[in-house]
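> Sharing a structure, written as structure tokens. Questions coming.
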Amino acid sequence: MTVSKINAITVPEDAGDELARRFAARAGTVDDQDGFEGFELLRPTDGRHQWLVVTRWRDQDAFETWVSSPAFAHGHAGSDRPSPHGGPVSLSSELWSYEVALGSATEGD
Ligand code: HEM
């Protein structure tokens with residue numbers, strides 16, 4: 001069963017664009033990871049400061065293998081370097097774990 005692993009990153013007010021820029025320049029090593037099914041970086045549009053990195057995996061094992069792999073370390077090589085404003089791009093982060101309980105998808109027009 002596909003699992004969703006969400007990294008909820010609390011971002012300083014002035015560092016959102018920097019976080020987005022870094023993801024745009026990301027290593028991409030996760031894309032070749034066995035069992036990786038995709039990810040989205042979600043930008044808050046209601047004034048909150050939590051950005052969501054939503055990743056989908058074939059199963060729990062696939063995610064755990066990635067987190068303990070060199071690919072994860074490589075993908076995060078620059079994640080703690082300060083932003084151009086001098087501060088961090090993330091103040092804190094939480095890992096949330098979900099699976100699809102129910103869903104529906106509409107056919108494209
Ligand atoms: C300590 C907590 C974490 C922080 C602060 C963090 C932050 C970041 C940042 C800033 C990047 C952009 C790459 C860079 O700047 O070099 C990145 C890449 C990424 N992060 Fe995290 N991350 C953390 C943990 C996680 C976790 C637990 C997940 C999984 C749910 C995750 C998923 C990803 C993915 C998929 C990428 C792209 C990697 C690639 O392209 O290979 N991160 N992270």
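The values are calculated or read from the model by the stated rules, or taken from the named source; none is laboratory data. All figures in this text were calculated on a predicted structure; none of them were measured in a lab. Positions of Cβ are generated from backbone atoms using ideal geometry, with glycine treated the same way; all protein chains shown enter the neighbour counts. Note: accessible area is taken over every heavy atom of the protein model, side chains too, but ligands, DNA and RNA are not part of it. Shrake-Rupley method; radii C 1.70, N 1.55, O 1.52, S 1.80 Å.
> Of all residues in region 9-31, which are within 9 Å of the ligand (Cβ to nearest atom), in contact with a strand residue (DSSP E or B) (Cβ under 8 Å, 6 or more places away or on another chain) and not β-branched (Val, Ile, Thr)?
Once the filter is applied, which keeps residues that are within 9 Å of the ligand (Cβ to nearest atom), in contact with a strand residue (DSSP E or B) (Cβ under 8 Å, 6 or more places away or on another chain) and not β-branched (Val, Ile, Thr), region 9-31 yields 19, 23.
> Sort out for me the helices (runs of 4 or more DSSP H) sitting completely within the chain that have 2 or more residues that are of a type in the set (D, E, K, R) and open to solvent by 80 Å² or more (accessible area, probe 1.4 Å).
Numbers: elements: 16-24, 60-67, 70-75.
Counting at least 2 such residues, we get 16-24, 60-67.
> Also, I was wondering about something else. Got a sec? Which of 105, 101, 62, 73 is of a type in the set (A, V, I, L, M, F, W, C) and modelled with pLDDT under 85? Give the derivation first.
On the way: 101 fails: modelled with pLDDT under 85; 62 fails: modelled with pLDDT under 85; 73 fails: modelled with pLDDT under 85.
Going through 105, 101, 62, 73 in turn, the sole match is 105.
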